[in-house]
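Written out below as structure tokens is the structure these notes cover.
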Amino acid sequence: MKKSNFIWLLFLTPIYYFHSCTPSRNLPDPPMKLEQTLSSDVPLKNLAISSLTTGKVNQYTTHGAKNGLISLGDANGCVVMVRGELKCWGENSNSQLGLNSMLGSKVPTPTMATAVNPKNGEDMIISVVMGRTSTCAKYAKGGYKCWGNQASGVLGNGQTVGNAVAPKQVTNATGLVLKSVQLNDGYSCVLDEGGKVTCWGKNDKGQLGNGNNVNSYAGTEVSLGGVAATQLVSHNYNSCALLLGSEVKCWGEDFSSIPPYTPVSVTTRSPVVLLGGGTSADLVLICAVLQDTTVQCFGKSPNTFGEFGNGNFNLPSSSTIGETVITADGNPLTDVTMIGSGGARSTSKPLPNGINQLSFACAVVSNSSVYCWGGNDSGNLGNNSFEDSNFAVKVTQMWQNSDILDLAVSDARACVLLKNDDVWCWGGKSSNGELGNGDLSGQSSIPVKILNRNDH
């Protein structure tokens, strides 16, 4: 098989791996069998059926997207455990951790989400996605359900005030077979199996991509010119879709906040095969893996912290033209298989006026090494330092004997899910317990293990 064909196969669809293992620290990888993909609804149904039959949620990867077996919100996180339950940690001001009785609390240790986890084996959660103050999950029997902050109709259930402490059906998606759900600050977007992107909620910055700036509590289709989308990612106020034919279109605060309020095209050096998920806000940074396995980043971020990873701190010429990420030797970072970006600050450089944070990004390469770049005030580059970097630096690998299954990047921290079901995280910037290491103010400039998906 030609290398280019292999890369297309690798990136166009998340891949499922079936395995069994027992709780332990740094387990060796189980034997892997390439079973099926998410290219249609049938494999997703098969995953649900298999999970219900075996009582285990099988491994799969999203290559760094925000919805999967692991998801990080702005100051929290959740992991789908092997038995189809969620463990969550971090900020819980809107009941977004699914803990019900702990409203308003901060949870530094991964804790069973008892208010949303299925009872007595009646169902199983097979994927999760977190926004700033809300969470959604795919239930094997029950479809997509959400909880947490309902402001602006973000949960898609017809409610616009208060918090949902129990899972609520996404009624805006009735009749749609969903492939992806993206939760954001006050709005949500979904991608269905037909390639249509539907959004709802706040639209004052063009977040809904539908040609106006009027809020909509019902689902409204994004204007993609009639071309089907194959991938969807959303960062706090901006979204992008990868279309058939490899064109990328983006909308929201930094792309379409003025008339005509419709998505704009992004230019990259070669075709895009993967868009990076995460929570980059304020002045957005979005990164993409290209067909040649290199990375280009784009967006309105000013590159003050080197967040484009292109070897300089200069303002890019355009927010819609990709900048190539390089390593210390000046060559492009290559063989990338996963990508994501989130918010970050700097220990040495001030923020632009009126901006709360800029960005950083992380990527996983084919040998399971992780590289990060950009702002590093929280040790979120994972290289045992707090210095910013305008090129990709290698994360200090603390785990052994296991490859990386998936990547999650959020504000000032990142996590990897290993094929032995360990979750390791680094960074952490506030007192919400968002690192998940048992310390409310926990912060680490090297990866620390927070759980294994087999834990009880």
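Taking the Cβ-Cβ separation of residue 355 and residue 120 as r and a Förster radius of 45 Å, what is the calculated FRET efficiency to the nearest 0.05?
Details: r = 48 Å, r/R0 = 1.07.
About 0.40, to the nearest 0.05.
Read phi for every residue in the range 131-148 and hand back ³J(HN,Hα) as whole Hz from Karplus 6.51 cos²θ - 1.76 cosθ + 1.60, θ = phi - 60°, with x for Gly and Pro.
x, 5, 10, 9, 9, 10, 9, 8, 8, 4, 9, x, x, 7, 9, 9, 8, x
Which FRET efficiency, nearest 0.05, do residue 246 and residue 221 yield, Cβ-Cβ r, R0 30 Å? Present the calculation step by step, with values, prior to reporting the outcome.
Details: r = 21 Å, r/R0 = 0.71.
Calculated value: 0.90.
Where a ≥ b ≥ c are the square roots of the eigenvalues of the C-alpha gyration tensor, would you call the range 57-139 rounded, which needs a/c under 1.5, or, failing that, prolate if a/b is larger than b/c, or oblate?
Oblate, since a/c reaches 1.5 and b/c is not below a/b.
Pull out the extension gain between residue 292 and residue 214, defined as 0.36 nm times the separation in residues minus the alpha carbon to alpha carbon distance; nm, one decimal. Display every interim value, and only then the final one.
On the way: separation 78, 0.36 × 78 = 28.08 nm, distance 3.98 nm.
Length gained between residue 292 and residue 214: 24.1 nm.
Could you give the length gained on full extension between residue 317 and residue 270, defined as 0.36 nm per residue of separation minus the Cα-Cα distance, in nm? Can you show the working numbers first?
Values: separation 47, 0.36 × 47 = 16.92 nm, distance 1.81 nm.
Separation in residues times 0.36 nm, less the Cα-Cα distance, equals 15.1 nm.
From the square roots a ≥ b ≥ c of the eigenvalues of the alpha-carbon gyration tensor of the chain, which class results: rounded (a/c under 1.5), prolate (a/b over b/c), or oblate?
Values: a/c = 1.23, a/b = 1.08, b/c = 1.14.
It is rounded, given that a/c, with a ≥ b ≥ c, falls under 1.5.
Divide by every residue of the chain the summed helix terms, -39500 (n - 2.57) for each DSSP H run of at least 4, and state the resulting mean residue ellipticity at 222 nm, rounded to the nearest 500 deg cm²/dmol. Provide the component values of the computation, followed by the final result.
Working: 2 runs with 24 residues, N = 456.
Only helices count here, giving -1500 deg cm²/dmol.
Please give the peptides 301-309, 112-120 ranked by average Cβ packing (other Cβ atoms within 10 Å per residue), highest first, as a rough proxy for protection.
Working: 301-309: 26.2, 112-120: 16.8.
So the order, starting with the most tightly packed, is 301-309, 112-120.
Step through the residues of the range 291-305 one at a time and calculate ³J(HN,Hα) from phi using the Karplus curve (6.51 cos²θ - 1.76 cosθ + 1.60, θ = phi - 60°), rounding each to whole Hz and writing x for Gly and Pro.
For the range 291-305, the Karplus-derived couplings read 4, 8, 6, 8, 10, 10, 10, 8, x, 8, 4, x, 6, 4, 9 Hz, x marking Gly and Pro.
Going out from 0 in 10 Å bins, what whole percent of all Cα-Cα distances in the range 112-260 drops into each bin?
Calculated P(r), rounded to whole percents: 12, 43, 33, 10, 2, 0.
How high is the relative contact order of the chain, in percent, with contacts defined as C-alpha pairs under 8 Å that are six or more residues apart? Display every interim value, and only then the final one.
Numbers: 1457 pairs, mean separation 61.1, N = 456.
Answer for the chain is 13 percent.
Amide H neighbours of residue 395 under 5 Å, counting only residues 5+ apart in sequence or on other chains, H built in-plane at 1.01 Å?
The answer is 370, 371, 372.
Compute the separation of the alpha-carbon centres of the range 131-160 and the range 381-454 and state it in Å as a whole number.
27 Å
Tell me, what is the Rg over Rh of the range 271-456, with Rh the Kirkwood radius over Cα pairs?
Here Rg/Rh amounts to 0.95.
Between the DSSP loop rule and a limit of at most 14 other Cβ atoms within 10 Å, which GluC sites (Glu not before Pro) in the range 121-230 are left? If you can, show how the numbers build up before the last one.
Working: sites: 122, 193, 221; in loops: 122, 193.
For GluC sites (Glu not before Pro) across the range 121-230 that sit outside H, G, I, E and B with at most 14 neighbouring Cβ atoms in 10 Å, the list reads 122.
Want the number for residue 166 to residue 455: 0.36 nm per residue separation, take away the alpha-carbon distance, what's left? The partial results should precede the final answer.
Numbers: separation 289, 0.36 × 289 = 104.04 nm, distance 2.37 nm.
Contour length minus Cα-Cα distance gives 101.7 nm.
Per-residue HN-Hα couplings for the range 183-195, Karplus 6.51 cos²θ - 1.76 cosθ + 1.60 at θ = phi - 60°, whole Hz, x for Gly and Pro?
Rounded to whole hertz, the list is 9, 9, 7, x, 8, 9, 9, 10, 10, 9, 5, x, x.
Among 179-191, 311-323, how do they line up by average Cβ neighbours within 10 Å per residue, starting with the highest? Write down the numbers at each step before the final one.
Numbers: 179-191: 25.8, 311-323: 16.5.
Packing proxy ranking, top to bottom: 179-191, 311-323.
Under the classification rounded if a/c is under 1.5, otherwise prolate if a/b is larger than b/c and oblate if not, where does the range 297-398 fall, given a ≥ b ≥ c as square roots of the Cα gyration tensor eigenvalues? Write out the running numbers ahead of the final one.
Values: a/c = 1.88, a/b = 1.25, b/c = 1.50.
Note, shape of the range 297-398 comes out oblate.
Which order do the peptides 435-443, 418-426, 393-401, 61-69 take when ranked by the mean count of other beta-carbon atoms within 10 Å per residue, highest first? Working shown, then result.
Working: 435-443: 20.1, 418-426: 25.2, 393-401: 16.0, 61-69: 26.9.
Per-residue mean Cβ counts within 10 Å order the peptides as 61-69, 418-426, 435-443, 393-401.
In nm, give the distance between the simple-model label positions of residue 334 and residue 347, each being 7 Å from the Cα along the Cα-to-Cβ direction.
Placing both labels 7 Å beyond Cα along the Cβ direction yields 3.3 nm.
Taken together, the values in this text are just the output of simple stated rules run on the coordinates, not laboratory data. Please read all numbers here as calculations on a predicted model, not as lab measurements. Cβ coordinates were reconstructed from backbone atoms using ideal geometry, including for glycine residues, and neighbour counts include every protein chain displayed.
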